[in-house]
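So the structure is just underneath, and the comments pick up after that.
The values are calculated or read from the model by the stated rules, or taken from the named source; none is laboratory data. Nothing here was measured: the structure is a model prediction, and the numbers come from that model. Cβ atoms come from the backbone with ideal geometry, glycine included; neighbour counts cover every protein chain shown.
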Amino acid sequence: MRSSTSWIKQLARRRRPCTSGRSPACPKEKRMVTALGRVQSAQQVALARVESARPEMSRLNRQIWEWAEPSLLETRSSALLADYLEARGFRVTRGVADMPTAFVAEWGDGGPVVGILAEYDALPGLSQKTETYKEPIREGGYGHGCGHSVYGVACVLGGLAARDALVESGLPGRVRVYGCPAEELLIGKVYMARAGLFDDLDAAISWHPSDKTRASLGSSKAMVSVRYEFAGVASHASVSPHEGRSALDAVELMNVAVNFMREHIKQDARIHYVITDGGVQPNVVPPRASVWYYIRANAHEDVEAYLAWVDEIAESAARMARVQLVRRQMDTDCHELIPNRAMGEALDRALRLAGPPGFDESERRFAEEIQRSLPARPAGPPLNDEIAPFDETGSSGGSTDIGDVSWIVPTEQFVAATHAVGSPGHSWQITACTGTSIGEKGGIVAAKTMACATLELIADEDLRSRARAEFAERRGNRAYGLLIPSDQRPPIPMS
């Protein structure tokens with residue numbers, strides 16, 4: 001791993017004397033040192049721009065946090081961020097990839113282009129006030145229990161800061177901010193990738209809220225989201241059950257068979273489901289029933305194999321129950337993240353330029369009270385206020401549609417501390433912290449990091465070349481392709 005010290009100092013150590021004898025350093029080296037010095041100055045400009053944007057971080061985060069809009073219905077949140085970028089000189093295209101809440105915002109006309117991937121969707125059932133005890137704003141309502149309100153704002157502020165630094169330094173390059181809806185359903189970037197929106201990028205970066213701050217060399221799980229619907233025959237469940245055929249029987253038979261299947265799949269694989277329609281009332285044999293499956297594994301080819309197995313189980317369950325399998329709908333097909341050391345180390349350097357969040361005593365007390373709601377209180381400080389060492393094995397047990405971007409272009413992400421240590425993922429505790437200065441301070445770190453990394457990626461041709469070579473080596477001869485039909489539109493729900 002490259003040292004986290006200044007890459008300008010690393011260049012100085014690599015310098016060789018010019019053999020022409022006309023100068024103590026070759027003209028090419030002088031140009032490189034001058035260019036790198038410009039980047040260092042540009043990064044300081046970006047850091048200052050983000051620092052001055054703390055009030056905007058608070059205002060924008062709080063607004064999106066209060067709206068807490070569902071996946072693919074993030075109408076106001078998307079518009080707020082897109083309008084904010086457009087008002088500050090970015091060219092914005094809305095409604096891309098057949099999703100009304102997706103957008104692409106770009107600044108610049110030439111040079112390398114770096115993409116920053118923003119998200120802003122909320123989760124059902126995680127509505128929560130900014131309190132240290134569970135108290136929903138709306139019972140059963142949506143809440144930012146994955147921190148996506150601060151996530152999206154940090155990406156926007158980071159992109160703007162990088163733009164300002166490019167203008168002031170005169171460095172050539174383009175900054176592109178992607179408004180990516182429905183990450184919680186792993187839909188947005190999959191359909192954006194299918195539309196070719198990432199094809200011309202030199203690199204893509206992003207981050208995620210966490211209880212720690214660090215860059216890593218990790219991956220994620222590939223996943224498909226697929227729904228099955230069965231149709232039977234209704235009848236009176238007591239008077240004439242023999243005249244009916246239960247669609248719910250097929251769902252239950254399918255689920256039982258899949259549960260037996262679990263014993264014979266790889267340890268890294270996960271299969272989970274919910275019954276989305278199980279009938280209306282017990283005295284009617286259910287004529288319709290539906291089940292929704294997520295199938296995950298570390299490798300996309302394993303997901304494909306398990307999906308084929310589950311499909312066969314669904315068909316067999318229908319035959320056993322003497323009903324029809326009338327619909328199989330795949331909502332999304334998400335690939336595992338291809339990690340990139342060159343990109344990860346660039347993010348690590350940028351994190352150390354950004355510095356830690358700098359939590360204060362009142363924020364630590366708030367987090368400590370949050371921890372009291374957990375089954376077991378974690379050891380150590382209630383908030384992580386340091387930058388952890390680069391993680392060589394930071395693989396996630398979850399999935400992210402950033403993985404699909406990583407199959408197209410060198411991509412990497414990092415995490416920044418935005419909530420109390422030990423807070424469960426997708427929890428009211430994270431919703432509460434995200435709506436406070438705790439979440440916003442982590443977002444400031446993220447914005448600074450993305451701005452500084454964007455500038456290094458734009459300026460350092462060697463870094464881009466190494467990232468591209470590593471991308472090609474890790475992907476190998478595996479082609480990127482989706483299992484969803486090429487003409488299928490995103491599953492936009494009714495508002």
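Contact annotation: residue pairs with Cβ atoms under 6 Å, 6 or more positions apart or on different chains, pairing a residue in the range 201-213 that is more than 22 Å from Ala467 (Cβ to Cβ) with a partner that is surrounded by fewer than 23 Cβ atoms within 10 Å (Cβ to Cβ) and of a type outside the set (Gly, Ala, Ser), are Asp211/Val421.
So for the range 65-79 (the condition being aliphatic (A, V, I, L, M) and either at pLDDT below 95 or closer than 22 Å to Ala162 by Cβ (or both)), does at least one residue qualify? No, there is no match, as no residue in the range 65-79 is aliphatic (A, V, I, L, M) and either at pLDDT below 95 or closer than 22 Å to Ala162 by Cβ (or both). Do we find a residue being under 24 Å from Ala237 (Cβ atoms) and of a type in the set (Lys, Arg) anywhere in the range 282-298? Among the residues of the range 282-298, at least one is under 24 Å from Ala237 (Cβ atoms) and of a type in the set (Lys, Arg), which makes the answer yes. Among helices (runs of 4 or more DSSP H) entirely within the range 402-495, having at least 2 residues that are under 20 Å from the mean Cα position of the chain (by Cα) and either crowded, with 24+ Cβ neighbours inside 10 Å or free of Cβ contacts under 8 Å to residues at least 60 places away in the same chain (or both) singles out 402-406, 428-434, 437-459. Counting just the residues of the range 311-360 that are polar (S, T, N, Q) and buried (at least 23 other Cβ atoms within 10 Å of the Cβ), which one comes out nearest to Arg474 (Cα to Cα)? Step by step, filter the range 311-360, then rank; the result is Asn340. One residue stands out among those in the range 269-310 that are outside any helix (DSSP H, G or I), loosely packed, with under 14 Cβ neighbours inside 10 Å and not hydroxyl-bearing (Ser, Thr, Tyr): the one that is nearest to the chain's Cα centre (by Cα), which is His272.
Looking at Ser219, is it surrounded by fewer than 24 Cβ atoms within 10 Å (Cβ to Cβ), at negative phi and either of a type in the set (A, V, I, L, M) or part of a loop (DSSP other than H, G, I, E, B) (or both)? When the stated conditions are applied, Ser219 passes them. Is there a residue being among the small types (Gly, Ala, Ser) and touching an Asp or Glu at 6+ places or on another chain (Cβ under 8 Å) anywhere in the range 277-288? No, because not a single residue in the range 277-288 is among the small types (Gly, Ala, Ser) and touching an Asp or Glu at 6+ places or on another chain (Cβ under 8 Å). Across the range 229-241, a minimum of one residue is classified as assigned to a helix (DSSP H, G or I) and without any contact (Cβ under 8 Å) to a residue 60 or more places away in the chain. When Ser169, Ser127 are checked against the criterion of being touching a strand residue (DSSP E or B) at 6+ places or on another chain (Cβ under 9 Å), surrounded by fewer than 24 Cβ atoms within 10 Å (Cβ to Cβ) and either of a type in the set (A, V, I, L, M) or farther than 30 Å from Ala305 by Cβ (or both), a single residue qualifies: Ser127.
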